[in-house]
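Chemist: Here it is, the structure in full.
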Amino acid sequence: MANPNLVLVRHGESVWNQENRFTGWVDIALTEHGREQARAAGQIIKESGIHFDQAFTSVLQRAIETLTLALSVIGQEDLPITKNQALNERHYGDLQGLNKAETAEKFGAEQVFIWRRSYDVPPPNGESLKDTAARTLPYYEAEIVPLLQKGQNILVAAHGNSLRSIIMRLDNLSPEQVTKLEIPTGGATFYSFDEALNISDKRIGYKS
């Protein structure tokens, strides 16, 4: 059995990334730059030579389009794709749609920093990173890990916080460590495993 690979891709820049707005579960499209980032991620993955067995993404168009564009570059457009809201971005509640700078002026920079970066303090009517992990990780364990155990290569295109949750588990990060983890839009994180699913190699690919 071949040793499995897992590649995690954060979607390219969205319109609200560009406008510095809290996006969360609002279904916002990619910018043209975001599409270029998705293609660049595809090129990085293509250069790795990995042939995938399955792909997973959220139900939000910015992640779905990132996956579609990356697969077109890789030349694996026929790859089976599973979409599930368990991989959606963190829900930002009442902050969704608000400009981040204006929100800091309204609520105070310190409070907004806590909402954005703490592990377990959610914004009003929204999710904390801990809440996001509580839906993302059970899905990852139930749907993706069994495929890796079979030796399959898996590609996941998702969002900053849903991917933070998975990386937190894989890298054994503490709540404090994961809040400092930055995943660039269009960035690809590669994990290779041995037969016991111990990580044998990890690397990050990104083209600005």
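The values are calculated or read from the model by the stated rules, or taken from the named source; none is laboratory data. The model shown is predicted, which means the values in this text are computed figures rather than measured ones. All Cβ positions, glycine included, derive from the backbone under ideal geometry; neighbour counts span all protein chains shown.
Chemist: For the stretch 99-111, indicate whether the set of residues that are without any contact (Cβ under 8 Å) to a residue 12 or more places away in the chain, more than 13 Å from the chain's Cα centre (by Cα), over 20 Å from TYR140 (Cβ atoms) and in a loop (DSSP other than H, G, I, E, B) is non-empty.
Modeler: Within the stretch 99-111, one or more residues are without any contact (Cβ under 8 Å) to a residue 12 or more places away in the chain, more than 13 Å from the chain's Cα centre (by Cα), over 20 Å from TYR140 (Cβ atoms) and in a loop (DSSP other than H, G, I, E, B).
Chemist: Can you name every residue in the stretch 179-208 that is under 22 Å from SER58 (Cα atoms) and either buried (at least 20 other Cβ atoms within 10 Å of the Cβ) or without any contact (Cβ under 8 Å) to a residue 12 or more places away in the chain (or both)? Show your work before the answer.
Modeler: First pass over the stretch 179-208, keeping only residues under 22 Å from SER58 (Cα atoms): 179, 181-191, 204-206.
Once the filter is applied, which keeps residues that are under 22 Å from SER58 (Cα atoms) and either buried (at least 20 other Cβ atoms within 10 Å of the Cβ) or without any contact (Cβ under 8 Å) to a residue 12 or more places away in the chain (or both), the stretch 179-208 yields GLU182, ILE183, THR185, GLY186, GLY187, ALA188, THR189, TYR191.
Chemist: Looking at the stretch 55-76, is at least one residue charged (D, E, K, R) and out of contact with any His (no Cβ under 8 Å at 6 or more places or on another chain)?
Modeler: Taking every residue of the stretch 55-76 in turn, none turns out to be charged (D, E, K, R) and out of contact with any His (no Cβ under 8 Å at 6 or more places or on another chain).
Chemist: For the subset of the stretch 112-131 comprising residues that are assigned to a loop (DSSP other than H, G, I, E, B) and touching a Leu at 6+ places or on another chain (Cβ under 8 Å), which member is farthest from ASN161 (Cα to Cα)?
Modeler: Going residue by residue through the stretch 112-131, those that are assigned to a loop (DSSP other than H, G, I, E, B) are 118-128.
Among the residues that remain, those that are also touching a Leu at 6+ places or on another chain (Cβ under 8 Å) are: 118-120, 123-124, 126.
On the way: SER118: 12, TYR119: 11, ASP120: 13, PRO123: 14, PRO124: 17, GLY126: 13 Å.
Looking at residues that are assigned to a loop (DSSP other than H, G, I, E, B) and touching a Leu at 6+ places or on another chain (Cβ under 8 Å), I get PRO124.
Chemist: Next question. Does the stretch 12-26 include one or more residues that are in contact with a Ser or Thr (Cβ under 8 Å, 6 or more places away or on another chain) and closer than 17 Å to VAL156 by Cβ?
Modeler: yes
Chemist: List the residue pairs whose Cβ atoms are under 6 Å apart, where the first residue sits in the stretch 70-90 and is within 20 Å of SER162 (Cβ to Cβ) and in a strand (DSSP E or B), the second is of a type in the set (Val, Ile, Thr) and at pLDDT 95 or above, and the two are 6 or more positions apart or on different chains.
Modeler: Taking only residues 6 or more apart or on different chains, the pairs are LYS83/THR57; LYS83/VAL59.
Chemist: A further question follows. Can you tell me how many residues within the stretch 138-189 are farther than 24 Å from ALA38 by Cα, of a type in the set (S, T, N, Q) and not in a helix (DSSP H, G or I)?
Modeler: 3
Chemist: Here are some residues: ARG169, ARG164. Which one is of a type in the set (D, E, K, R) and crowded, with 19+ Cβ neighbours inside 10 Å?
Modeler: Working: ARG169 fails: crowded, with 19+ Cβ neighbours inside 10 Å.
ARG164 is the lone residue from the list that is of a type in the set (D, E, K, R) and crowded, with 19+ Cβ neighbours inside 10 Å.
Chemist: When you scan the stretch 185-200, do you find a residue that is more than 23 Å from ILE81 (Cβ to Cβ) and of a type in the set (S, T, N, Q), even just one?
Modeler: Scanning the stretch 185-200, I find at least one residue that is more than 23 Å from ILE81 (Cβ to Cβ) and of a type in the set (S, T, N, Q), so the answer is yes.
Chemist: Is it the case that the stretch 153-166 has a residue that's over 25 Å from ALA40 (Cα atoms), out of contact with any strand residue (DSSP E or B) (no Cβ under 7 Å at 6 or more places or on another chain) and not charged (D, E, K, R)?
Modeler: Let us first name the residues in the stretch 153-166 that are over 25 Å from ALA40 (Cα atoms), namely none.
No, the conditions are met nowhere in the stretch 153-166.
Chemist: Give the residue that is surrounded by the fewest Cβ atoms within 10 Å (Cβ to Cβ), with candidates limited to residues of the stretch 64-106 that are farther than 15 Å from GLY24 by Cα and of a type in the set (Asp, Glu).
Modeler: Step by step, filter the stretch 64-106, then rank; the result is ASP78.
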